[in-house]
């Protein structure tokens, strides 16, 4: 072991300046004044040790303890854990009272007695992402994760990166933001075991905005809002899928536990859960790397009776949650001769089930309608989603002003349908012939 005594001047020629030279040597970090040592036990540094310390830890992790605080004698230390080390070196204050830093193999840092304590300089403070090293890592598929114990480590994204074999498709959550686009409307494709679910404007609810449109769940204890997913309905859910992940932002002002869960549809097997007890702040919950099943239920609950808000819900294939995007739709052209072929129907709302003509994911249909007038009065045909009330959410499909009982009108229009692919239609007058043909439909992509 090398210390400052090995460099001090004591001969008669230099003794005049010896005291000054010795003080300068104590602060020198030139490698020529360094101490290079293999540690097999805790190393207790003293003020007489050189400023430059290089340690090798070959057998086990060891502590390096800094000297007792002494404003007259303490000097700066540059401590390095040699790159050949197999273990980390933990730098602590005098007698191991507190940890100042942990140095992995190849890492070094400066330590100075400052303001009544030992502080680390160099290696501490804010670090730009471009300055973080990834020595020994490769492939371009890893991320730096906080490990929850004060350290970080490089981790493979999703257990192997975003490979086409494990990640495809997008967000599977349907109807958020909702097609209804009306505050207080209950969105299709969502369900609750109890309580009510509506879509609202976040500003109007007087809470911090995470997304302009939010789901408001007036929950009762232990009940949840949910969506079900079945491989028979979802084209992307097939035998190649092995893992799925889910996420959602949640907010409440009521004390209790908010839980995001993936379950089988029967509710007997949990695929993964995430929970929070935070109130009055948006919290991101995620369930990662859950084992895929052909039938799954995405659900959120509150442990007590409360108002719970949801934003940007997500479910995707793969071992981690992908960046959030709302689920889009695609149009499928499909012609059916008759959905309706009725003579003199009553001027009231009539049910129309189109599930046999469209896919289970259909949310919108486009039709061609024909009216044969029975009088010279103005007439038109309305269509709306099943479950809507009144005519404010109805769409005018075709219109006519009959004359001499021979006037025809044909037009194209569209209508949202319920998640069971149900619509309703209504002529405004009796004594007409109504024909409705399916032209195309839109389904969740």
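In which sequence would 145, 442 go, from the one with the fewest C-beta neighbours within 10 Å to the one with the most? Walk me through the intermediate numbers first.
Details: 145 12, 442 22.
Lowest count first: 145, 442.
For region 162-252, how big is the tail of P(r) above 23 Å, as a whole percent of Cα pairs?
Working: 1464 of 4095 pairs.
The share of Cα pairs beyond 23 Å in region 162-252 comes to 36 percent.
Working out 0.36 nm times the residue gap between residue 265 and residue 108, then minus their Cα-Cα distance, what length gain in nm do you get to one decimal? Provide the component values of the computation, followed by the final result.
Numbers: separation 157, 0.36 × 157 = 56.52 nm, distance 5.39 nm.
Additional length available on full extension: 51.1 nm.
Sort 86-97, 333-344, 417-428 by packing, meaning the average of other beta carbons within 10 Å per residue, with the highest value first. Mind showing how you got there, number by number?
Numbers: 86-97: 16.3, 333-344: 12.7, 417-428: 20.2.
Averaged packing, sorted descending, gives the order 417-428, 86-97, 333-344.
Two decimals is fine: what is log10 I(q)/I(0) at q = 0.14, 0.17, 0.18, 0.19 Å⁻¹ for region 191-317, from a Debye sum with one equal scatterer on every Cα and no solvent?
-0.59, -0.84, -0.93, -1.02
Ratio of alpha-carbon Rg to the 2.2 N^0.38 Å globular estimate for region 272-314, to two decimals, please. Could you put the intermediate results ahead of the total?
Values: Rg = 12.1 Å, N = 43, 2.2 N^0.38 = 9.2 Å.
Ratio of Cα Rg to 2.2 N^0.38 Å: 1.32.
Report the extension gain between residue 30 and residue 330 in nm, rounded to one decimal, defined as 0.36 nm multiplied by the number of residues separating them, less their alpha carbon distance. Intermediate values should be presented prior to the final figure.
Numbers: separation 300, 0.36 × 300 = 108.00 nm, distance 6.92 nm.
Value of the extension gain: 101.1 nm.
For region 345-374 and region 38-85, compute the distance between their C-alpha centroids and round to whole Å.
Cα centroid of region 345-374 versus Cα centroid of region 38-85: 82 Å apart.
What order do you get for 77, 380 when you list them from fewest to most C-beta neighbours inside 10 Å?
Numbers: 77 23, 380 18.
Ascending number of Cβ neighbours within 10 Å: 380, 77.
Coordinate-derived values only; no laboratory data. Here the structure is a predicted model, which means the values were calculated and not measured. In this analysis, Cβ positions are derived from the backbone assuming ideal geometry, glycine residues included, and neighbour counts consider all displayed protein chains.
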